[in-house]
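Remarks on the structure that follows.
The values are calculated or read from the model by the stated rules, or taken from the named source; none is laboratory data. Quick caveat: nothing in here was measured; it's all calculated off a predicted structure. Every residue, glycine among them, receives a Cβ derived from its backbone with ideal geometry; neighbour counts consider all protein chains shown. Side chains are part of the model used for accessible areas, which takes the heavy atoms of the whole protein and leaves out ligands, DNA and RNA. Shrake-Rupley method; radii C 1.70, N 1.55, O 1.52, S 1.80 Å.
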Amino acid sequence: MMLPVLRRTWVPCGVTPPLAVRARSHEKVSGIGALIVSPRRRQLTLALALYPRQNIRGPQVRRFLQHLGRHVRGPVVLVWDRGLTHKHRVVTAWLVAHRRWHLAWLPPYAPELNPVELLWGYLKYARLANLAPDSVEEICRHVRRERRRLGRHPSLLRSFFRHSGSCLFTSNIGHYLGRSQ
């Protein structure tokens with residue numbers, strides 16, 4: 001959303017920092033993200049897709065999966081929360097047609113187990129806190145810059161997995177692929 005997430009900042013004691021906000025506060029940028037772990041867990045990659053002024057529905061998720069499919073080889077295990085967009089008929093039909101994609105569902109109402117939710121929280125509440133953008137394009141520019149920065153810090157990307165319970169799922173990926181790890 002265009003409204004900034006307000007966090008503490010450094011200012012002289014007793015002085016309220018000014019934060020100019022535009023009136024069009026209901027505009028937004030929606031995003032889809034994936035943390036891609038290589039089969040031997042040596043490499044971690046972040047994929048993001050941004051949709052200015054849109055809500056994410058099934059067609060956007062399917063397009064994101066198609067894009068990932070062109071860049072990721074071999075079997076894929078999606079560790080997903082139980083969001084409605086993940087269960088959309090367009091998405092389920094696409095997954096049925098593409099057998100190399102396997103699903104591992106996170107428990108309901110457990111965003112703390114989802115490393116991508118931790119990533120979004122980090123971006124929103126740490127890196128982009130107190131940002132008062134003038135346009136959705138400015139939000140997109142800042143998110144893309146942060147995505148590039150995260151790409152240069154794989155240890156930070158790994159920390160999102162470490163601080164979630166997803167190690168339970170990633171350690172059992174061989175089960176989904178029909179082989180032992």
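Laid out as a table, the results:
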| item | result |
| --- | --- |
| Surface accessible to a 1.4 Å probe, TYR122 within the full protein complex, Å² | 60 Å² |
| Distance in nm between pseudo-label sites at LYS124 and GLU112 (7 Å out along the Cβ direction from Cα) | 1.7 nm |
| Coordinate range along principal axes, alpha carbons of region 34-174, Å, largest first | 43, 31, 30 |
| Antiparallel DSSP beta bridges within region 33-157, as percent of all bridges there, nearest 5 | 50 percent |
| Dipole of region 111-151 [Lys/Arg +1, Asp/Glu -1 at C-beta], most positive-end residue of PRO115, ALA132, LEU150 | LEU150 |
